[in-house]
Amino acid sequence: MSNQEITLVVDHRLTDAELDALFEAGADDTAPELRADRTAIHFDREAEMLADALQSALADVTRAGLKVIAVQAGDVAAA
């Protein structure tokens, strides 16, 4: 397996409780970047393919009750 780098942006600035929920949802390979009105969650996820890493990262964020508004993965970005 290789490491896949992904950044998911959620629609608001996360609280400490939401950051804890994210970690508890399985996203222990993240580095959240708190911005003024949003949070970018940087993942360094082990997976064979980028699509697999993206799917599991999205599942973790959704399980934590968060809404993703943008995705950056490798050289690909979408909003």
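The values are calculated or read from the model by the stated rules, or taken from the named source; none is laboratory data. These figures come from a predicted structure and were not determined experimentally. Every residue, glycine among them, receives a Cβ derived from its backbone with ideal geometry; neighbour counts consider all protein chains shown. Heads up: the accessible areas ignore ligands, DNA and RNA and are worked out on the full protein's heavy atoms, side chains in. Shrake-Rupley method; radii C 1.70, N 1.55, O 1.52, S 1.80 Å.
Here residue 41 meets the list (1) surrounded by 12 or more Cβ atoms within 10 Å (Cβ to Cβ); (2) among the hydrophobic types (A, V, I, L, M, F, W, C); (3) at pLDDT below 95; (4) outside any loop (DSSP other than H, G, I, E, B) almost entirely, failing just condition (3).
Just a yes or no: is a residue in segment 1-13 of a type outside the set (A, V, I, L, M, F, W, C), open to solvent by less than 80 Å² (accessible area, probe 1.4 Å), part of a strand (DSSP E or B) and at pLDDT 95 or above? Yes, some residue in segment 1-13 is of a type outside the set (A, V, I, L, M, F, W, C), open to solvent by less than 80 Å² (accessible area, probe 1.4 Å), part of a strand (DSSP E or B) and at pLDDT 95 or above.
Residue count for segment 55-71 satisfying the condition of being over 15 Å from residue 19 (Cβ atoms) and part of a helix (DSSP H, G or I): 6. On the given criteria, is residue 27 among the aliphatic types (A, V, I, L, M) and in contact with an Asp or Glu (Cβ under 7 Å, 6 or more places away or on another chain)? The answer is yes for residue 27. Would you mind stating whether residue 52 is among the acidic types (Asp, Glu), without any contact (Cβ under 8 Å) to a residue 60 or more places away in the chain and outside any strand (DSSP E or B)? The answer is yes for residue 52. Checked against the criterion of being over 11 Å from the mean Cα position of the chain (by Cα) and polar (S, T, N, Q), segment 8-16 contains one or more residues that satisfy it. Within segment 10-37, residues that are of a type in the set (Val, Ile, Thr) reach partners that are in a loop (DSSP other than H, G, I, E, B) and open to solvent by 40 Å² or more (accessible area, probe 1.4 Å) with beta carbons closer than 9 Å, at six or more positions or on different chains, in the pairs 10/38; 10/67.
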